[in-house]
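Here is the structure we will look at.
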Amino acid sequence: MTKESTNDALETARYLLHRTVLRYGAGLLEDHPWVWETARWRELVFAIFAHPTPMSHSDLHDLTVQMEAMGLLDVQVLAKLAEGEAQLPIHRHPRGRCLVLMLEEAGYKSEPARRRIETVARVALMLRNRFNGKIQRYLRSHGERMIDDLYSDRSATEGDGPELANAFTYWLQNVVSMPLSLFDDNVERFCTENKLKKEDLYAAADDLDFSFAFVDDLIQQYYMERATLSEVE
């Protein structure tokens, strides 16, 4: 497959996901705990700031939301700060200064504020270098390892390995909001009907910062609503 055809397939998958979210995803967007990649990253930034913190956790959470809204928590940009800190310390970069200042105004002392921002930038660099800046890829890699561990125990998987793996995947989705996909019958049907490879669908989800678990639920909702409309007609 050429690079051009790969890009076309990704663009098609992006369009289909966007369209499906707009038409069928309103309720899921409100109820799903981790729809967006950026929300998981913001929560990690909050956790880095939180121990210890001079603020209430509620106020600190609001502060990280403000930082995100101001465009200060972009993973790729923060990674560049960490990458270049030998030439320019992170806290002296304009973005680093803004973040340090916001923490100081919230009650942090200067040195702890600098350390927090340096840590955030270095974690961003790790995510960029190892997971293309996508925190859900980091989580998914460990979720997939947990499923592989299940398969390594023949006594547990003998006879019904695939079914048990799906059960574990569904369990991980539910109890820890793990961004894994079941690739169930609905997802397979969606790919077949739209002439997509599952790799293109999931690449588009990553590109749009959608959790794979959300995509599973979205496609299930799509077929449920289609079935309801067919019954009415």
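Across region 123-147, the residues whose backbone nitrogen lies under 18 Å from the label position 7 Å along the beta-carbon direction of ALA165 are 140-147. Note on GLU104 and ALA227: the model spin-label points, each 7 Å out from Cα along the C-beta direction, lie 6.0 nm apart. The translational diffusion coefficient of region 171-214, from Stokes-Einstein at 37 °C and 0.692 mPa s with a Kirkwood hydrodynamic radius over alpha carbon pairs, comes to 300 µm²/s.
Largest mean-square fluctuation among GLN76, GLN221, GLN87, in a Gaussian network model of the chain whose springs join Cα atoms under 10 Å apart, belongs to GLN87. For ARG92 and ALA39, the difference between the fully extended length at 0.36 nm per residue and the C-alpha to C-alpha distance is 16.4 nm.
Give me the angle, in degrees from 0 to 90, between the Cα long axis of helix 110-131 and the longest principal axis of the Cα atoms of the chain, rounded to the nearest 10. Between the helix axis and the principal axis of the chain, the angle is about 30 degrees.
Rounded to the nearest 10 degrees, the angle from helix 57-69 to the longest Cα principal axis of the chain is 80 degrees. With 0.36 nm allotted per residue and the present C-alpha distance subtracted, the ASN129-ALA69 stretch has 19.1 nm of extension available.
Of the residues PHE168, PHE183, PHE212, the one with the fewest other Cβ atoms within 10 Å heads the list, and the complete ranking is PHE183, PHE168, PHE212.
Note on ILE48, ILE117: ascending count of other Cβ atoms within 10 Å places them as ILE48, ILE117, the fewest first. Residue exposure proxy: ASP185, ASP206, ASP62, ordered by other Cβ atoms within 10 angstrom of their Cβ from fewest to most, comes out as ASP185, ASP62, ASP206.
Read the figures in this text as sums done on the coordinates, not as results from a lab. Only a predicted model underlies this, so the values are computations on that prediction, with no experimental measurement involved. Cβ sites come from the backbone with ideal geometry, for glycine too, and all protein chains shown count toward neighbours.
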